[in-house]
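Notes to accompany the following structure.
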Amino acid sequence: MLSQFYSPLLALALEAIPFGASSPAAMPRPAGQVNSESPASEPPPMEVRWDSGFNVVTRCTVPGTAALTFDDGPFQYTNEVVAMLKAANAIGTFFYNGKNFGCIYDKDSVDRAWLVYNSGHQIASHTWSHADLTTLSEDQINDEMYKVENALTKILGISPAFIRPPYGKYNDLVLQVASSRRQTVVTWDFDSQDSAGASADAGKNLYSQLIEKHPDTILTLNHETSDGSVRQVLPFAIQKLQAAGYRLVSVAECVGKPAYINVGPPQARDGSWSC
Ligand SMILES: [Zn+2]
C-alpha cells in the first residue's frame, strides 16, 4: 500500500499549509461559475518534494524562466490572453477542464483550444469537472483525469503530460493515480489571487512584490476566467516580468520536460463529443 509509505510525509506536508489567508472582497462572477478556486479551499503550494517515487512540480527549475499559467478554461477571454502573449512573444500554459464553466466539446471551446495550441502554448489537464480530488476514490480520480485527457486526444490529438489538481489539492492516492497515467502533477509558487477575489490592483501589487524579490524562477497561478486578471493584471505582469529579465515560457520548458505524452492526428467530431 502506497499510503503506508507516504502518509506520514503527507501529514507533515498538510500540517505545514497555512489555511485561511486574508481574502479581499469577492468579485462578482458571471452566473454559473461555481467551480473556481476559492480562498477557503485553495492553500498555497506545498513546499514538500516527493523525492522518492512521485514527482510534483512546485516550481520552475530552468534559471531565468517564468511560467504564466491559466486555469479553468477554455473560456471567453482565451483570444485576448493569446493576443497579449503573442504581442509580447511570450508562451503560456493553459490548464483545461472538461466540464466546468462550459463544455470542452462545445464549438467555441474547441476553437479556443485550437487557437491556444496552434499559437504554440502548452495545454495541460485541470481534470474533467474541477472536483477536489482528495475527496474521491481511485476510480473517481481516474475518471476525472481520463475524461479530459480523452477530450484533448479527440479534439487536438494530444495527450497532456501535466496535470494541475483543482485547488492545488492532492494526496498520495492522487499522486499514485497520476503516476499510473504518466502525468506530472504541477502546482505553483506564486498565486495572483484572482480566484480568491483579489482586485486587479491587488493582483498587480502581488506581481510587483514578487518581481522585487527577483526569485530565480517563477511559476504562476492565474485564471483565464477572470476579466480583471486577463485585461489588467496580465499585461502588467508580462511587461514587468520581461523588463526584469525573465523568459516567459511554458511549464514544460521551465522544468525541461515534454509537454505531451503523445501527439497524433485529431479526430472528427462525432456523437461522443458531449459533456
Ligand atoms: Zn481551477
When both residues are 6+ apart or on different chains and their Cβ atoms are under 6 Å apart, which pairs have a first residue that lies in segment 226-253 and is in contact (Cβ under 8 Å) with a residue 60 or more places away in the chain and surrounded by 17 or more Cβ atoms within 10 Å (Cβ to Cβ), and a second that is in a helix (DSSP H, G or I) and among the charged types (D, E, K, R)?
S226/D194; V230/E80
What's the number of the condition W50 fails, among (1) within 16 Å of the ligand (Cβ to nearest atom); (2) out of contact with any Asp or Glu (no Cβ under 7 Å at 6 or more places or on another chain); (3) modelled with pLDDT under 95?
(1)
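Any idea which residue in segment 115-125 is farthest from the ligand (Cβ to nearest atom), counting only those that are part of a helix (DSSP H, G or I) and of a type in the set (A, V, I, L, M)?
To start, the set of residues in segment 115-125 that are part of a helix (DSSP H, G or I) comprises 115-118.
Filter again for of a type in the set (A, V, I, L, M), leaving 115-116.
Details: L115: 20, V116: 16 Å.
Ranking the candidates gives L115 first.
Quick check on A244: is it among the hydrophobic types (A, V, I, L, M, F, W, C) and under 16 Å from I123 (Cβ atoms)? Please lay out each step first, then the result.
Values: among the hydrophobic types (A, V, I, L, M, F, W, C): yes; under 16 Å from I123 (Cβ atoms): no.
It is false that A244 is among the hydrophobic types (A, V, I, L, M, F, W, C) and under 16 Å from I123 (Cβ atoms).
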I'd like the full set of residues that are assigned to a loop (DSSP other than H, G, I, E, B) and closer than 16 Å to W188 by Cβ, limited to segment 84-98.
none
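Which residues, counting only those in segment 131-160, are of a type in the set (D, E), within 16 Å of G73 (Cα to Cα) and within 16 Å of the ligand (Cβ to nearest atom)? Step through it out loud before you land on a result.
From segment 131-160, those of a type in the set (D, E) are 132, 138-139, 143-144, 149; that's our starting set.
Next cut, within 16 Å of G73 (Cα to Cα) only: 144, 149.
Answer for segment 131-160, where residues must be of a type in the set (D, E), within 16 Å of G73 (Cα to Cα) and within 16 Å of the ligand (Cβ to nearest atom): just E144.
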In segment 132-161, what residues are surrounded by fewer than 21 Cβ atoms within 10 Å (Cβ to Cβ), assigned to a loop (DSSP other than H, G, I, E, B) and touching a residue at least 40 places away in the same chain (Cβ under 8 Å)?
D132, G157
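Of these, W128, W188, which one is within 16 Å of the ligand (Cβ to nearest atom), part of a loop (DSSP other than H, G, I, E, B) and closer than 26 Å to I218 by Cβ?
Values: W128 fails: closer than 26 Å to I218 by Cβ.
Just one listed residue meets the conditions, W188.
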It is to be established whether one or more residues within segment 174-185 are in a helix (DSSP H, G or I), under 28 Å from P265 (Cα atoms), touching a strand residue (DSSP E or B) at 6+ places or on another chain (Cβ under 6 Å) and not small (G, A, S).
no
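Among the candidates R112, R181, R164, single out the residue that is surrounded by 23 or more Cβ atoms within 10 Å (Cβ to Cβ) and either within 15 Å of the ligand (Cβ to nearest atom) or over 18 Å from G92 (Cβ atoms) (or both). Talk me through it step by step, then tell me what you get.
Numbers: R112 fails: either within 15 Å of the ligand (Cβ to nearest atom) or over 18 Å from G92 (Cβ atoms) (or both); R181 fails: surrounded by 23 or more Cβ atoms within 10 Å (Cβ to Cβ).
Just a single option satisfies the conditions, and that option is R164.
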Restricting segment 194-225 to residues that are touching a residue at least 40 places away in the same chain (Cβ under 8 Å) and in a helix (DSSP H, G or I), the residue that is surrounded by the fewest Cβ atoms within 10 Å (Cβ to Cβ)
A202
Matching entry among F75, F101 (being within 14 Å of the ligand (Cβ to nearest atom), in contact with a strand residue (DSSP E or B) (Cβ under 9 Å, 6 or more places away or on another chain), modelled with pLDDT of 95 or more and farther than 26 Å from D172 by Cα)
F75
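The values are calculated or read from the model by the stated rules, or taken from the named source; none is laboratory data. These figures come from a predicted structure and were not determined experimentally. Backbone-built Cβ (ideal geometry, glycine too); neighbour counts: all protein chains shown.
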